[in-house]
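Some notes on the structure that comes next.
Values quoted throughout were computed directly from the atomic coordinates according to the rules given, and no laboratory measurement underlies them. What you are looking at is a predicted structure, and each value in this text was computed from that prediction instead of being measured. Using ideal geometry, Cβ is built from the backbone for each residue, glycine included, and neighbour counts are taken over all protein chains shown.
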Amino acid sequence: MNSVYTFSGNASRRWGRMAVSMGAAGSRTALTEQAGTASESQSYSASVGYAPMLTVSGSYSRSSGEALVTGAGLVPVGTIPLPSSLVSLYGGNGYSFALTSVPVKRLTLSASYAKSNSNTSSSGFASNNENDEYNALIQYQVRKLYFTSGYARLGQGFSSTGLPPATVSSFYAGLSRWFNFF
């Protein structure tokens, strides 16, 4: 027998330029006659903004269960019992924060941070995984010209590789112009 439930909800409120929103979602799937077949996920998000000066947002999510490893990532097993050699156990959580501001007309500033920790286990092979990412962007518009610069940093580590976590950083700057051909 299969057992499934899902939930989701959002709420928002605006007071003039001030806006607040919150959301939550989750799901759980299990075969009630087989122990250890549950897969579940939960996510929560919130944002507060004073337009257009400042918007702050954040989110948290977690998941765990059994899954089938595919080219598109982990797919929950669902209702079909599979041999244990094909099934992976997984679990993890992640969170993110973002900040966006338009302090003066045509100037946009934004920054974000995201971090996740997860673990997988399949056929006696286990891996603990970690990912963190920073992004920053500055954009200024003068007529049809956009000046853009930013910074990005990505760090990833997988215990199964036996290597220390790797970090890649990049800085970019550019100038663009839009045209209306029609």
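Taking the stretch 96-126 and a reference point 7 angstrom along Cα→Cβ of R177, no backbone N atom is nearer than 19 Å. Just want the answer: with Cβ charges of +1 for Lys and Arg and -1 for Asp and Glu, which residue in V102, S47, L89 is farthest toward the dipole's positive end in the stretch 44-177? Among V102, S47, L89, the one farthest towards the positive end of the dipole of the stretch 44-177 is V102.
The convex hull of the Cα atoms of the stretch 91-182, projected and averaged over all directions, covers 9.3 nm². Using a simple spin-label model with pseudo-atoms 7 Å out from Cα toward Cβ, V104 and Y44 lie 4.0 nm apart. For S123 and N93, a Förster radius of 22 Å and the Cβ-Cβ distance give a FRET efficiency of 0.35, rounded to the nearest 0.05. With the simple model of a label 7 Å out from the Cα in the direction of the Cβ, Q141 to R13 spans 3.2 nm. Ordering of 100-109, 126-135 by packing is 126-135, 100-109, highest average first (other Cβ atoms within 10 Å, averaged per residue).
Segment Y113..T167, full-extension length gain: 18.0 nm, with 0.36 nm per residue of separation and the alpha-carbon distance subtracted.
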